[in-house]
1. Compute the distance in nm between two label points, each set 7 Å from the Cα along the Cα-to-Cβ direction, one at residue B:324 and one at residue C:348.
2. How much length is gained on full extension from residue C:301 to residue C:279, taking 0.36 nm per residue of separation minus their Cα-Cα distance?
3. Roughly how big is segment B:1-56's charge dipole about its Cα centre, with Cβ charges of +1 (Lys, Arg) and -1 (Asp, Glu), in debye to the nearest 20?
4. Which value, in debye to the nearest 20, gives the size of the charge dipole of the protein assembly as shown about its Cα centre, when Lys and Arg are +1 and Asp and Glu are -1 at the Cβ?
5. Starting with the highest mean, order B:250-258, B:53-61, B:111-119 by the number of other Cβ atoms within 10 Å, averaged over the residues of each peptide.
6. Take peptide A:243-255, look around each residue's Cβ out to 10 angstrom, count Cβ atoms belonging to other protein chains, and average those counts.
7. Provide the FRET efficiency to the nearest 0.05 for the residue B:310-residue B:249 pair, computing r from the beta carbons and using R0 = 22 Å.
8. Sequence gap at least 6, Cα distance under 8 Å: using those rules, report the relative contact order of segment C:421-490 to the nearest whole percent.
Amino acid sequence: MTRERISLLFCTLLLGLLSLFSPKAFSAPLPKSTQEMLKKLMLDATILFDIDKELQVPKEWVDGAKKEGKLRVFSTIDPPQADVLFRPFKERYPFLAIEYNRASHEDRAIRTLVAYKNKRLVTDILTGIGGSFFMYRETGALEDLRQIPNLKNIPTGTFDPDGLWVGMHMRYWCMAYNTKQVRKEDLPKRWEDFLSNPKWRNGNLALGNRPQLWALQLWQAKGEKWTKDFLTKLFAEVRPQLRREGMNALIELLAAGEFYGTIPSAEYRTYQKTLDGAPVSYTCPEPVPVAVSEMAILKGAPNINAARLFVNWFLSKEGQIAQYISDFAPPVHKDLQRKELLPFADQIVGKERSLRDPAAELEIQPKLLEFWDPLWLRGGGRRR
Amino acid sequence: MIRIQNLHMRYRTDRGEVRAVRGISLEIKQGQFYTLLGPSGCGKTTTLRSVAGLETPQEGEISIGDDLVFSSYRGISIPPYKRDIGMVFQSYAIWPHMHVFDNVAFPLREMKRRFSRQEIREKVYQALSLVQLRGLEDRPAPFLSGGQQQRLALARALVKEPRVLLLDEPLSNLDAKLREETRFELRELVKRLGITTLYVTHDQLEALTMSDIVAVMDQGRIVQEAPPMEIYQSPRERFVANFIGLTNFLEGRVKKTGQPGEVETSSGALKCILPEGAAVGETVVIVIRPEDIELVSEPSRQDENILEGKVDAVIFMGDTLECQVAVGTKMMRIKLHPSSPVARGETVRLELPAERCRALKS
Amino acid sequence: MGVISRLHLWQHGLFLLVLFLVLAPLLFLILGSFSTARLPADFSLSTMGVANYLKVYSDPGTYELFANTVVYVAGSVALGTGLAVSLAWLVERTNMPGKIWVYAGVPMTLAVPGMLQAMAWVLLLSPRIGFINKMLKDLFGPQAPIIDIYSLGGMIFLEGLRLVPTAFLMLVPLMRSMDPTLEEAAAVSGAKPSSSMRKITLRLLAPGLVAVMIYQAMTALEVFEIPGVLGLPAGIYVFSTKIYAIVRSATFMPVYGQANALAMVYLVIAVVTTYLYTRMISRVERYTIITGKGYRPRQMELRKWRLPALGIVFLFLFFSIVLPFLVFLYTSFLPYLQSPSWQALQGMTLKNYRLLAEYGEVGSALTNTVIMVVVTASVTTLLSFLVSLVVVRSNFWGRKLLDQLAFVPHAIPGIVMGIAFFWVFLKLDFLPIYGTIWAISIGFTVNFLSYGTRSMNASLLQIHKELEEAAYVSGAPPWRTMWRIFFPLMLPTLSGIWIWVVLHAVRIAGMPLILYEGPQNQVLAILIWNMWDEGYVGGVAAIGTLLMIALLFLTLAVRYGGFRRHSVQLVGS
């Protein structure tokens, strides 16, 4: 043989060997929708190389799910976004049907619990329980999710120690601001800057009635005294607008110019608004308040197996990427903490952060609310 | 044609039980025009509605023709839509959502026998012509005048050629002139068609001018049943006399029996026709119509009834002159020709022909 | 109807049904106010107590609530009735041009749901970003006056506007029924027009006017949508919104019993006003002289005021219908909320409408609404018909009581009714009604029954018994009489009630919000409310525009389809 021919043979053999060991050879092809997702995000398929292993579940779950009815999911995302999210899941489990309902009003958690207490299970999976969690716990209304295999993908502190809820995504609660009204120089680097910069007075700053989303983390990081001091000064001196609207409504109002900045705002919503062309953007003073949104299964849910399959899939890399594609929610998965999957990454990455700890939450939240409520009610802002 | 026996009707009101009809029996022959006459509340309308089947009496029997339509004894009560009757209501009850044609055609469409469209049309036109409403078939019913509506109601009642026609004060909503014309036309029509007619009214003029037989009713009972002239001239009771036409009353005691008898009154002794079985000393009431009294200068006969009095009021009524003459303490009414030269304050002599004076038992 | 009165069985059944529908909620309302358990489901005799009453009445906020409500009701009634009287007087007693605008236009304003009107005005007069306020700022600089719609004044303004059409419809027949000869007698007795107006006209109108005002006060008291949209964000509570706030708390489990305790006060007030209203009505009846001859009262010459008068009318129509509609239309094409500007117009998009089409939620809300509305309207009409039949035409021993029972819900505000039924359905959980659209349907039916029976009673009374009897003697058996005579004569009233219920059931948000449990019983009004709350302004604008168009069409069709919307009769209940 000539030298060329030998090199060619050698290369071919090498390539052949390599291809044998390449991940693709060992895994099933990815669902079409997943491939599209990855393409859109310009991510390599190798990111999902171990997806099949991730999605291994006890056989009883699959068999049981086949016999159940439609899986009911309550969440806050828009139905078109939900369609995008569910597509890979539906490709993998074609025998399952999902009934998605957007239960977005703030009292949805209470309503679901009222119905539960009345022996009506209006959903299988619900998300965003928030401050009502202690009531759910009291009632024993949630399933223990510790047997979900992919629970191991998410770091401690992002799920309930008793397994009653799992974190769905990371949520950053900082300030969204109106780009027409606020210059770069005015953006606060630390929370104390709100107290010193006159820009935020005269009702130019808006506060939503959700201290447990941001102030709790400050309490965790800076301690009780600092937080109480900060809040008192904020209400008394800065006198922000105290708004009863929901967080999403506040961003809409922000875009219209009702105020210059609003706290707390979530990164994903603000990002979605910028895609509409609205003059809004996002900034995070340090420490950055971080929380996770909760997903749980109602105890005694009729479609329990389908629910488990879903939660498990949701906590896999595929599920997490699907979530990001659908509404820009940053993944909670340990291996997916990357800039491409984080809106306003430059505002968040590299800064000091404070993650809301479930245990701390239970301890601090009542005290925080007890302090906050009178401040709010007495109305330190420009109330109409 | 219509026979009623021992009809009793009671009903409850807030004020307790009312006995509207207390044992009425009557018989109407084929083709007769029979009127129930009386004041409101006397039971005449209730009786009529019982014949129609719109009221259910507590006791009695009613037959129309050969059919027993109601019997409390045998538990029979045929509903109105199965009795062969035509009825005209006091309010006419014209259906406002239908045209004239449909109003009249309605009974034909409800009959067991099915008529063709052609037949229905003919009959309707015929009925409308009878009441002179031909040409108005396509007019919506509410657009008719009062008189026209009344005729429409009549046409509707007659269109299926019933054996019996019932009329509940059909003329009371018309104005005076129309009433007079219609009275005449109505009687002519039913006589021509030969339909047995039961008529209810409180207007004695209507009753007297239209009927073959008049039954005067008071408080649920028939007080007198007779042809009009007899009712008018020979009322058997004070009530009847009072109700029919204007009357003068003179109370007194029987002085002499016989024909004519003599009655002693506060205005003197008067000769009059006594009721049967009248005894001397009995209290009676003399009844005489205003138009029977004459104004005289000289008595026309010996020992005729003459009363002297002073003219108190003279009222020109268009076709008569009504005078009120004070005789002693009594006020007598007389009717004179409009051109009579009578003046207030004048002393006059009234002649009361004995054969026109009837005495009634008190 | 001989046959009807002979079948006593169904009359008893009807009576029991209405008795239950009206009294069961009231019973639960009262009992619930004493319950200290958190949830209605946990109610039991052992948890009774007066804790709720103590909490509610020792809270100073409750008295502020009281004051707010009084100011709000008084203000809006004054404004609304004042406007309505002026409009009614202009059309009935003057020679103003263009009266058709008033006759046709004023009732049309009922087609605009209160919630949407409030939201449109928020977009206009929100203190910092309202279109009008921004325009003022552009024109007059930072010292420009700001008109803040989130205020008692704003609430009074809007509710006043909304009270006008009903008041107008009640006042017109009142003015028409005045005998002109009474004024003429004053004139020939030497009275000047102004003193004739004062001493005769106004005095004669007074009882009717007061009755209208009381009626409007009852309406203003119970309305939820306006104070909900304008007052809640600013923390200005009136009774209806406070009850809602207690029940729909977002951060803690509501103590439902407290809502009941508050509702009881509300109920008492409502009952008192109903009593006053009926008293006034009997006075009106004394003063009303129906001229059988059809004289029209004398018309006053306006001369130079003719055009300004027309101007007032147009202004009213503009504020009530045109402006809100335009605001929604404009906003529905915006990707995000911004004041009108060239830039905004350039950025217009169909995104909101497209999203509506894609949201399964919208589709299901629409379906739910259509089903609920049609069922409610039909059941209400049927039930009103049956009840009126018994009340007016039969000898049933309990018919007077039945009539009063049917009228009672009118005195109960919608929100309170919602709470009452909330308890009923939660407690009677063997009936699978809680959380379904049937819950809303039942609540509405009981509420609207009072209107339906008033209307039906008046109508039935007008059908002379002899019309039926004439049919009997003409050979028609009862069922055919019903079909060929009775039913065609009742048709205008039946369809009038049906349409009225449809128009009302679509717009009301208060009661449905209380009974709302999830997407399966979400109706349009709730959807709009929720979307607004979340800031989906574009979505609200899109739905609002479409809904207003649909309702305007419906109202127009009703007018010209021959079923004239009968003017509400004060007299004749």
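The values are calculated or read from the model by the stated rules, or taken from the named source; none is laboratory data. This one's a predicted model, so the numbers in the text were calculated from it and none came from an experiment. A quick note on method: Cβ atoms are made from the backbone with ideal geometry, for glycine too, and the neighbour counts reach across all protein chains shown. All accessible areas refer to the heavy atoms of the entire protein, side chains included, with ligands and DNA or RNA removed. Shrake-Rupley method; radii C 1.70, N 1.55, O 1.52, S 1.80 Å.
1. 8.8 nm
2. Numbers: separation 22, 0.36 × 22 = 7.92 nm, distance 3.56 nm.
Difference between extended and current length: 4.4 nm.
3. With Lys and Arg at +1 and Asp and Glu at -1, about 60 debye.
4. On the way: 144 positive and 118 negative charges, 348 e Å.
Around 1660 debye, computed over the protein assembly as shown.
5. By packing density, highest mean first, the sequence is B:53-61, B:250-258, B:111-119.
6. Taking the mean over all residues of the peptide, I get 5.
7. Given R0 = 22 Å and the Cβ-Cβ separation, E is 0.65.
8. Values: 20 pairs, mean separation 14.8, N = 70.
In percent, rounded to a whole number, it is 21.
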